[in-house]
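Heads up, the thing below is written out as structure tokens.
The values are calculated or read from the model by the stated rules, or taken from the named source; none is laboratory data. The structure presented is a predicted model; accordingly, all values stated were derived computationally and were not measured. Neighbour counts run over all protein chains shown; Cβ positions are idealised from the backbone, glycine included. Just the protein is used for accessible areas: all its heavy atoms, side chains included, with ligands, DNA and RNA removed. Shrake-Rupley method; radii C 1.70, N 1.55, O 1.52, S 1.80 Å.
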Amino acid sequence: MAERSQFDHDRVLAHKFPESTYVYTERDAAIYALGVGACGRDAIDADELKYVYHENGQQSIQVLPTFAALLSLGSMTNGIDLPGLQYDPRLLLHGQQYIELYRPFPSSASIQNKVSLAGLHDKGKAAIVEIETKSYEKESGELLCMNRSTIFLRGAGGFSNSTRPYSYSNYPNNQVAAAKIPKSQPFAVFEDLIQPSQALLYRLSGDYNPLHSDPMIAKVAGFSCPILHGLCTLGFAVRAIIKCICRGDATIVKNIFGRFLLHVYPGETLITEMWLDGLRVIYQAKVKERNRAVLSGFVGLHHLTSSL
Ligand SMILES: CCCCCCCCCCCCC/C=C/C(=O)SCCNC(=O)CCNC(=O)[C@H](O)C(C)(C)COP(=O)(O)OP(=O)(O)OC[C@H]1O[C@@H](n2cnc3c(N)ncnc32)[C@H](O)[C@@H]1OP(=O)(O)O
């Protein structure tokens, strides 16, 4: 645990994160799409081939909206230091991800990331750090997306006064409130097999944390074998929503929120249940083999497709 005397609220809030750049090509977008299971069940899937191949002579491949999360990861791959907060990187888990999309992604781009602290919470047994990344296309200067990544640092809590645990956030609470799962039957349900090699493929998109590939490191972190990247599970769930609710039109996705409830093992079956609530899709993903919820959240849409 961090020593309490080291924690200084003003120093933390004054901390400046370096700007970072991220360059991607069509190849990266296609590898990402395969990493989150696109065309995994059907190599000519009518909704998904466009993410991995220039279908029907299209000029460039399309980019899945959850690709946006990689831009923020690009700014954090070397870790992030916060003054006065000590943590064991082996115990780090991804807690939540919130993404706002301002326009469809170009198939290749050079990105400038502006990173800031969006939240910090002392939960006693853990510290929760929230990092906001605004990603601009370098050429046009246009803001493409905003990511807010919540990192759950097991064992790093207790850094503030225990009678008044520190909690700071700079955004409205209701923006990322945990989704309340309706009691009614879901509007749609989609089942997908996460291949045993899925994490090994997904890591090629830039998250090389050995927690997802190295059996020894996974054991130190408390798991029986390497676990799936949270953002890979999120990619599977949102792809299911694009298929079942957006009828394959990913451009109607406006924002995405997911809370990682439990780890997923590669090789498990993911069942995504979805409910329509106006222009919001509430969803929950479960692993079939353990009958446990592993992810829940919402996807906001610009409009509904006419076929619904
Ligand atoms: C300065 C440090 C920054 C470092 C940055 C480095 C780079 C980071 C890059 C981005 C991340 C990439 C790394 C990716 C890693 C992964 O993909 S790990 C795999 C995906 N994640 C998971 O599998 C996690 C699954 N979830 C869980 O295992 C559990 O939910 C949990 C996170 C361990 C928490 O469970 P538990 O300890 O039982 O918590 P509770 O007792 O229920 O709650 C305690 C408080 O914490 C709040 N909380 C609980 N879960 C979450 C969550 N998922 N996200 C955010 N907050 C959570 C909960 O509300 C409680 O708070 P209070 O209600 O106020 O008490």
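Which value in deg cm²/dmol, rounded to the nearest 500, describes the helix-derived mean residue ellipticity at 222 nm for the chain, given -39,500 (n - 2.57) per DSSP H run of n ≥ 4 and division by the residue count? Don't jump to the answer; show the numbers that get you there.
Details: 6 runs with 49 residues, N = 308.
Result for the chain: -4500 deg cm²/dmol, rounded to the nearest 500.
The Cα atoms of the stretch 153-210 give a gyration tensor whose axes a ≥ b ≥ c have a/c of 1.5 or more with a/b no greater than b/c, which makes the shape oblate. Magnitude of the charge dipole for the chain, about its Cα centre and with charges confined to Cβ atoms of Lys, Arg (+1) and Asp, Glu (-1), is about 840 debye.
Helix 230-244 axis versus longest C-alpha principal axis of the chain: approximately 30°, rounded to the nearest ten. Charged neighbours of V12, selected by a Cβ distance under 13 Å, balance to -3 (K, R count +1; D, E count -1). Of the options Y32, S160, F187, report the single residue whose Cα projects farthest towards the positive end of the charge dipole of the chain (beta-carbon charges: Lys, Arg +1; Asp, Glu -1). It is S160. Accessible surface for L204 stands near 100 Å², nearest 10, in the context of the full protein assembly shown (1.4 Å probe). Along the stretch 211-217 the Karplus relation, 6.51 cos²θ - 1.76 cosθ + 1.60 evaluated at θ = phi - 60°, assigns HN-Hα couplings of 4, 9, 9, 10, x, 5, 5 Hz to successive residues, with x for each Gly and Pro. When the chain is treated as a Gaussian network with alpha carbon springs shorter than 10 Å, the biggest mean-square fluctuation among Q86, Q284, Q59 belongs to Q59. Think of the chain as having a plus end and a minus end, set by charges on the Cβ of Lys, Arg, Asp and Glu; of F67, V287, T133, V287 sits farthest toward the positive end of this dipole.
Ignoring ligands, DNA and RNA, what accessible area per residue does the stretch 9-169 give at 1.4 Å, in Å²?
On the way: 7410 Å² over 161 residues.
Value for the stretch 9-169: 46 Å² per residue.
What chymotrypsin sites (Phe, Trp or Tyr not before Pro) does the stretch 170-235 have in DSSP loop regions with at most 13 other beta carbons within 10 Å?
Qualifying residues, ordered by number: Y208.
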